[in-house]
Each structure stands twice: as C-alpha cells, then as structure tokens.
Amino acid sequence: MAEYVGIDLGTTLSGLAYLKPDGNPEIVPNSDGERLTPSVVFFDSHEDVKLVGSAARDGGEPDRTIFQIKRHMDDPEHLVEIDGKKWTPAEISALILSKLKRDCSKICGDITDVVITVPANFNELARKSTIAAAEMAGMKVKRLVNEPTAAAVYYAHSQGVKGRILVYDLGGGTLDTTILEVEGDNIKILTSEGARHLGGSNFDDILLDAYAEQYKKQTGAALFSDERHRRRVLQATEDAKKMLSKLQRVNDTVANDQNSGIARIDLSREHFEKLIRNMLTRTVFLVEQALDSAKLKTSDIDHVVLVGGSTRIPKVKVILEKMFGKVPKSCGNVDECVALGAALFAKKSAKIQEVCNASYGTLAMVYNAKTKEEKLMNSIVIPKNTPIPCSRTQVYQTSEDNERIIEVDITQGEDPDAKYVDVIGRITLDVPAGRPKGCEIAVTFSYDENQRVRALIVDKQSGRSKEVAVSYKGAGVLSDEELKRRSAHLRAMRIE
Amino acid sequence: MFKILKSLSKSLTGHKPATEVKKPAEAPKGGVLNQVAKGNAAPAAPAKVKTPEELCEITPKMSKDEIRAQLKLLYRRFNRSASSLDAKVRGEAETMLNAIVDVREKHFGEI
C-alpha cells in the first residue's frame, strides 16, 4: 500500500505522486505511460465507457468531451448533461481521480488516503466538491493543501534552501502566489493570493482570437463555425504558444471546415508577449498584493520559484527578474512539482504552518464615538494570514429593543466596505423577549487545517448559543447518503 | 468604538444610534442585500463611455503614490469579483481590471 500519496488535480493536467521508502517523492505514470494525465473526460456514445486523459482530449466529439471542469467546482448550478444524465463538477472530477487511482495503484500499491492540492483561493464549496470527488473515487482526503504550498515543500526538499520564498504558480487556469519561510524541515506560510481565470488557457484563447482575426483578414471568412473545429484550432494555438517559449517565431497554416481557403499565420514571440501583456500585468499586481499582505518588500524575498506550465513563457521570467533583481528558479519540472510536493506534504504536514487564506467576519454598524459616524462595515473576526488552526472571538451588540432573533451574516473578504465581500452564510439564534438593545453577542469563528470554517454565536446574557459549519447555503454540497450512492455507482463504471 | 450586529435582512430597518450622529451613507437602491449579494462591483452604468482614469477614479491632482495605492485597492476588489458566479459581476470586473492595467501602463510604464 502507498502510505503517502499526493494528487495534483489540475485544470488541464493531473498527476499523482507517492513517497518512496527513501523519503523522496516520485510521479506515478498512468496506464497510458504518461506521467501526467490531461484533466479531460470523454463520454463514449457507442460503449458504456468514460475515457479520461489524452484519449479523451484527442477525441473528436466536443459535445461529449469535458475540459477544465475544475473551473466550475464552486458553481452549484453547473451541470453537464450527457445522454440525459446530469453530472456535477465533483462527479466529473471523480472520474479523473478514479483513473489516477486505478492506474497508479497497479504500480505503487493500493491507494486509500491522499493529500489533494487546490488553488490557494479555492472557496469553501470548491474545497468540499474536491473532497467529495475523492470520496466518490474511493479515496479519503487526509488533507487539502494549497498548490503553491505543495510546490514550495518540494522546492525546499529538493534544493535544500532556507529563507523567504515567493512561489509564482501560473498554471492552466489559475495564478497563485504564496510567500513562505523555510528553516530546515519547518515551513511557515506567510500569505497566499490567487487569481481565478488567469492561466495558460486564457493565453490560448487570446491567440485563438488572433488566429481568427488573421484568417478573416486573409480569406474574408470565419475560422470556425462549430465547437469541434474551434477545439482543433485551439489545440493549434496551444502548440504555437509552447513553440514560442523556445523559438522567436513560428509559422502556421489554418483553414476552416467550409473550404474557405488557407491562411498563413506568422507569429513572433514579441507579438505574442504583446497580446498577453495585459494578463501578465495582472500577475504583477497579484505578486505586489502578496508582498503587501505579508508586509514585505521585494528585497525581503530570498528565492523566487516558478511553478506551472505557463511559467515556461520567457517573458514571465523576465518580468519577475526585473521585479526582484534575481533570477527566478524552477523546481525541476514545473508541471510535476505540485503533485510531488503533495506527497511530501502527506508525511510532513505537522511541520508546515499554514494560514487563513481569507478574512472572515460579519456585517456590523460600526459607530465611532470620536467622529460620531456610523457605517455598515465588514467587521473582521479572523484576519487573513492568521496561522491555522485558529479560533477568534469578537463581541457585538444587538441593534433593537425586544430583538427575538439574532442574525449573524458570515462574510469572506478583507475589504472593510461591505459591498466588496462575499456573504457566505448566516446563523440565526432565538433569544428571550423583552430585552433592550445593546445586549452582547459573542461571535467566534474557527478555521481548520483544511481551510474550512465554523461559526459559533453566543448570547452572553441568556447563554444560548448556536454553532454551524459554514456552507454555501447547502447548494452544491451532497448529503452523505447521496455521496455514498454516487460513489457506488461510479466505482462500477468502466473508466479507461 | 462599538459594533452593532447588522445582518443583511435587518440592515435597512430599525437601528438608530444612541447619540446624535452624522447621517450614514444612503442605502443603495434595491437594498443592501441586493448590493452585497450580487457584489455590485463596478460603478453604475455610465451614460457615456468612461476613460480608464475615470473608471479608476484617478484625478489629475493625485500623486504617483496615491495612484499606485488606488490601483492596488481596485485590483484587490476586482480580482475578487472576477471569480464571481454572477456573469454580470465578472464582466464588470473584467472591464475594471483592463482599466486598472491601462492606467498602470500610462502612469508607470509597461512591464
């Protein structure tokens, strides 16, 4: 049995690693002989089989092929309908995880307990969906760990470095930036910041638009008219992007499927960098946000570490070198280090101090006696970057005479302005009648190692209390019975 | 300073401060619930197309440091909104992120 297993469930690629007896992690290839498995699922119409990986990606039926499901893990309303059955993002992800489990266990032994990586800014529902996906695939999640944290663990292990490290993780779908301190085996996370929908697939889309524009200019026709052909061209743009990380210029030819002629695409690295400059500037903002969040300057960072396939783009390295005054390093294969780090994390988690990824609080009218102003504000109870697990309490006052029901909204976000935070839940508590306003209510938030939140409210006068695990109003989260039923169903499926 | 609990559903009703206070900011039309729940991230729909500076509320009198601070604040806000489940909020966030990048390039140069 593989005791310490880590899985990188990526937007475009997924990988599984285990810890060898010598303490070093190793990627386990799938049955197709690939070290990483494309996170793509194909539902065959002829046979009752689900293809996962390269075979699914290279198939030709876009209506039956699911790409980048990870982008929807926090959307309770996102369902994929195939042959009348509606699949949740967690179920699709479970098919990918099942493929990894089945294939890899043939090499490294039975896989039961795993550490799975998630983007640093994955919210509560996305984390729950990830755990549910693993359970449906027959695995127990020991811990969820943030992707840049896992990568940094691997970097620290393989390079034997110490000091402050900034991890810049630009993957297929997301950008994460994490700053951490390493001292021997001990790792202390200082902060993580993330941007969703900022990754390699966005660059592919930008290139796709450029191809379509060129095609229109040269032939007067549209480059694609259906999803099947769009996918084919998209694959060509992805290949061109990869080539431009090695070459200064690439030439390509494209045609639509309406016999409108062939267009020649002449693309330079300089032009590609210009096309994605807006996106890359956004990544600089995120790095600055991480530095501000940790109250650090660029000169306080000892190592800049690159993770994720999109960091192969030369301009990324140039930007970071200019910013930090030092050459960024990669920890071996930038696509594999997250899974490798997750396997290490499975064993070393006790030595890794993580922090809250977001601030949690409630809405309150804050009255300032000095200025005599009052304002509806996001009142933070647990600030972002508090080491976890943690618990914090703030005392508030009731707002009305004879208030019978206390309502506490749970907010996620740092902004003091209530307009710019998410309200992720609400607790209500019945209290005795006939009391004046101003009664004290203690609000306690707790945050566990898996970045999940619990809230407790206590009416100090009556002693009445209520505690809940914060959930997104239950939407998108499966009940235990439903999870068990779907797990049994999934395990009986043919997944190749 | 004291803090009075105010849930979304109660935020437009009832509370009067214990002492005379300045009038709080007027509640947005449609209620606080509506505004917070939907993020209401970007400014109201403009009558004319706003420039990136106008969208980012950058004025000619602002110093470089003030502009930098404003852009950082806006980036934090709209980067968050960019992952909203509400397509409208995401669209508004995208407009704002583009404006933030434009203003940065204009005042601080390209990366």
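Quick check, is B:LEU71 more than 7 Å from chain A (Cβ to nearest Cβ), at pLDDT 95 or above, in contact with a Pro (Cβ under 8 Å, 6 or more places away or on another chain) and surrounded by 12 or more Cβ atoms within 10 Å (Cβ to Cβ)?
Details: more than 7 Å from chain A (Cβ to nearest Cβ): yes; at pLDDT 95 or above: yes; in contact with a Pro (Cβ under 8 Å, 6 or more places away or on another chain): no; surrounded by 12 or more Cβ atoms within 10 Å (Cβ to Cβ): yes.
Answer is no for this residue.
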>> Going residue by residue through the stretch A:325-332, is there one that turns out to be touching a helix residue (DSSP H, G or I) at 6+ places or on another chain (Cβ under 7 Å), part of a strand (DSSP E or B) and either modelled with pLDDT of 95 or more or buried (at least 21 other Cβ atoms within 10 Å of the Cβ) (or both)?
In response: no
> Hey, A:PRO148 hits all of (1) part of a strand (DSSP E or B); (2) closer than 30 Å to A:LEU296 by Cα but one; which does it fall short on?
Replying inline: (1)
> What number of residues in the stretch A:275-301 are of a type in the set (Ser, Thr, Tyr) and either within 11 Å of chain B (Cβ to nearest Cβ) or surrounded by 20 or more Cβ atoms within 10 Å (Cβ to Cβ) (or both)?
Replying inline: 3
> Looking at A:ALA263, A:ALA240, A:ALA195, A:ALA212, which is the one that is surrounded by 18 or more Cβ atoms within 10 Å (Cβ to Cβ) and within 14 Å of chain B (Cβ to nearest Cβ)?
Replying inline: A:ALA195
> Is it fair to say A:PRO38 is closer than 25 Å to A:CYS337 by Cα and either at pLDDT 95 or above or out of contact with any Gly (no Cβ under 7 Å at 6 or more places or on another chain) (or both)?
Replying inline: yes
>> So A:PRO21 passes all but one of these: (1) free of Cβ contacts under 8 Å to residues at least 60 places away in the same chain; (2) assigned to a strand (DSSP E or B). Which condition number does it fail?
In response: (2)
>> Against the definition (at pLDDT below 95, of a type in the set (D, E, K, R) and surrounded by fewer than 15 Cβ atoms within 10 Å (Cβ to Cβ)), how does A:ASP335 come out, yes or no?
In response: no
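With respect to A:ARG127, determine if the residue is touching a Phe, Trp or Tyr at 6+ places or on another chain (Cβ under 8 Å), touching a residue at least 12 places away in the same chain (Cβ under 8 Å), outside any loop (DSSP other than H, G, I, E, B) and under 26 Å from A:LYS384 (Cα atoms).
no
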> Can you tell me how many residues in the stretch A:242-291 are touching a His at 6+ places or on another chain (Cβ under 7 Å) and assigned to a helix (DSSP H, G or I)?
Replying inline: 0
> Is at least one residue of the stretch A:459-469 of a type in the set (Gly, Ala, Ser) and out of contact with any strand residue (DSSP E or B) (no Cβ under 7 Å at 6 or more places or on another chain)?
Replying inline: yes
> B:THR95: at pLDDT below 65, of a type outside the set (Gly, Ala, Ser) and either within 29 Å of A:SER399 (Cα to Cα) or not in a loop (DSSP other than H, G, I, E, B) (or both), yes or no?
Replying inline: no
>> Can you confirm whether A:LEU340 is buried (at least 24 other Cβ atoms within 10 Å of the Cβ) and at negative phi?
In response: yes
> Quick one: what pairs do we get from the stretch A:133-157, first residue farther than 16 Å from A:GLU183 by Cα, second basic (Lys, Arg), C-beta under 8 Å, 6+ apart or different chains?
Replying inline: A:ALA134/A:LYS140; A:MET136/A:ARG486; A:ALA137/A:LYS101; A:GLY138/A:LYS101; A:GLY138/A:ARG491; A:MET139/A:LYS101; A:LEU144/A:ARG127
> With B:ARG90, B:ARG80 as the choices, which residue is touching a Ser or Thr at 6+ places or on another chain (Cβ under 9 Å) and charged (D, E, K, R)?
Replying inline: B:ARG90
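Residue-by-condition table, conditions (1) farther than 20 Å from A:PHE285 by Cβ; (2) modelled with pLDDT of 95 or more; (3) facing chain A (nearest Cβ under 7 Å); (4) out of contact with any Phe, Trp or Tyr (no Cβ under 9 Å at 6 or more places or on another chain):
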| residue | (1), (2), (3), (4) |
| --- | --- |
| B:GLU26 | yes, no, no, yes |
| B:VAL32 | yes, no, yes, yes |
| B:GLU57 | no, yes, no, yes |
| B:ILE67 | no, yes, no, no |
| B:ARG104 | no, yes, yes, no |
| B:PHE108 | no, yes, no, yes |
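The values are calculated or read from the model by the stated rules, or taken from the named source; none is laboratory data. In this text, all values refer to a predicted model and were calculated from it rather than measured experimentally. As a convention, Cβ positions derive from the backbone with ideal geometry for all residues, glycine included, and neighbour counts pool all protein chains shown.
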